[in-house]
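First the structure, in the form of structure tokens, and then the observations on it.
The values are calculated or read from the model by the stated rules, or taken from the named source; none is laboratory data. If you're wondering where the values come from, they're calculated on a predicted model, not measured in any experiment. Glycine also receives a Cβ, built like all others from the backbone with ideal geometry; neighbour counts cover every protein chain displayed.
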Amino acid sequence: MSAAVLSDIKRELEEGRIVPYLGPGLLDLMPACPVPVSPEALVEKLVAKASVPHKIRKNLTAAAQFIENFKHRKTVTQLMSEAFQADVAPTALHRYLADLPELPLVVDVWYDNAMQTALAERDSWGQVQGVSQAEHFGNWVQYFQADGALVTEADAQHWSTVLYRPVGSVSPAKNYLVSDSDYVEVLTEIDIQTPIPAMVQRRRGGRHFLFLGCRFRNQLERTFARQIMKRSSDRHWAVLPGELTRNEARFLAEQNIQRLDMPLRDFVSAVTADRAAIRAAMA
């Protein structure tokens, strides 16, 4: 990967023109991470504590739906909360993003609390979390200010930084989109953008997306990314090392996402080096 491309990305990040889009693979940067770092690891946690038919034991959304149908929704919420109850220390990338002078919007599509922990030192920020219709019928999202208090959409308008959690998060209120029915409800409306908050739609306008720790191997991953980045700029990046699936390659071409074929750890080291040195000097 050319130094010029990395330099462009760093500049755009510093100037607030990039929306970081964080996936579960970002936690691979952490040795011995205390929570699941992939859908595959998460479904193993769930089925270890609830009996699920063999044919869906490796399918996260189907397994969660089975548990919801036969053990009640509260069991799904309890198992998810147990899986993500441990605090996750922010990685160098989380801290780098939280230190950026301009950070209007961050998208995080996993359930841990690392990004919000990193943002704790930042002024004027809050979270918008997707919520399950099974638990919050008629509502698509909830708004939480920095201290975890539930607030209204009007209260959130002044935030300088919005952390958008479209699939929910363990903190502060244990909101999870994880079962088939959760996603069916959202996908029914997402093409017309109904589940995506207006403040997120405004902040993505004209900005580029940078995908980190994400894959696009299944329709769900691609649909969420496509709809969340809709009406943004026409140039984006994704750190995706290794072999791509045919669907991933097609998706990148369709969305004009430039692939950075390099290990995520190397990308993070290259992009965060200067700011990490500044943080160390101030410590």
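Just one of the listed residues (V106, V35, V19) is surrounded by 21 or more Cβ atoms within 10 Å (Cβ to Cβ), outside the structural domain of L212 (by TED's automatic domain parsing) and in contact (Cβ under 8 Å) with a residue 60 or more places away in the chain, namely V35.
There is no residue in the range 49-70 that is assigned to a loop (DSSP other than H, G, I, E, B), closer than 28 Å to P241 by Cβ and touching a residue at least 40 places away in the same chain (Cβ under 8 Å). Kindly check whether there is at least one residue in the range 189-202 that is among the acidic types (D, E), in contact (Cβ under 8 Å) with a residue 12 or more places away in the chain and over 30 Å from N139 (Cα atoms). No, the conditions are met nowhere in the range 189-202. Of all residues in the range 126-146, at least one satisfies being part of a loop (DSSP other than H, G, I, E, B), buried (at least 22 other Cβ atoms within 10 Å of the Cβ) and polar (S, T, N, Q).
Among the residues of the range 182-193, is there at least one that is in contact with a strand residue (DSSP E or B) (Cβ under 8 Å, 6 or more places away or on another chain), in a loop (DSSP other than H, G, I, E, B) and modelled with pLDDT of 95 or more? Scanning the range 182-193 turns up no residue that is in contact with a strand residue (DSSP E or B) (Cβ under 8 Å, 6 or more places away or on another chain), in a loop (DSSP other than H, G, I, E, B) and modelled with pLDDT of 95 or more. Here the condition is being more than 18 Å from the chain's Cα centre (by Cα), in the same structural domain as A198 (by TED's automatic domain parsing), at pLDDT 95 or above and surrounded by 14 or more Cβ atoms within 10 Å (Cβ to Cβ); of A249, A270, it holds for A249 alone. Restricting the range 227-242 to residues that are surrounded by fewer than 18 Cβ atoms within 10 Å (Cβ to Cβ) and under 20 Å from L26 (Cβ atoms), which is modelled with the lowest pLDDT? Per the stated criteria, the residue is G242. Assess whether E121 counts as being assigned to a loop (DSSP other than H, G, I, E, B), within 14 Å of T161 (Cα to Cα) and at pLDDT 95 or above. When the stated conditions are applied, E121 does not pass them. The sole residue among A89, A41, A64, A48 that is buried (at least 19 other Cβ atoms within 10 Å of the Cβ) and either under 30 Å from P20 (Cβ atoms) or modelled with pLDDT of 95 or more (or both) is A64.
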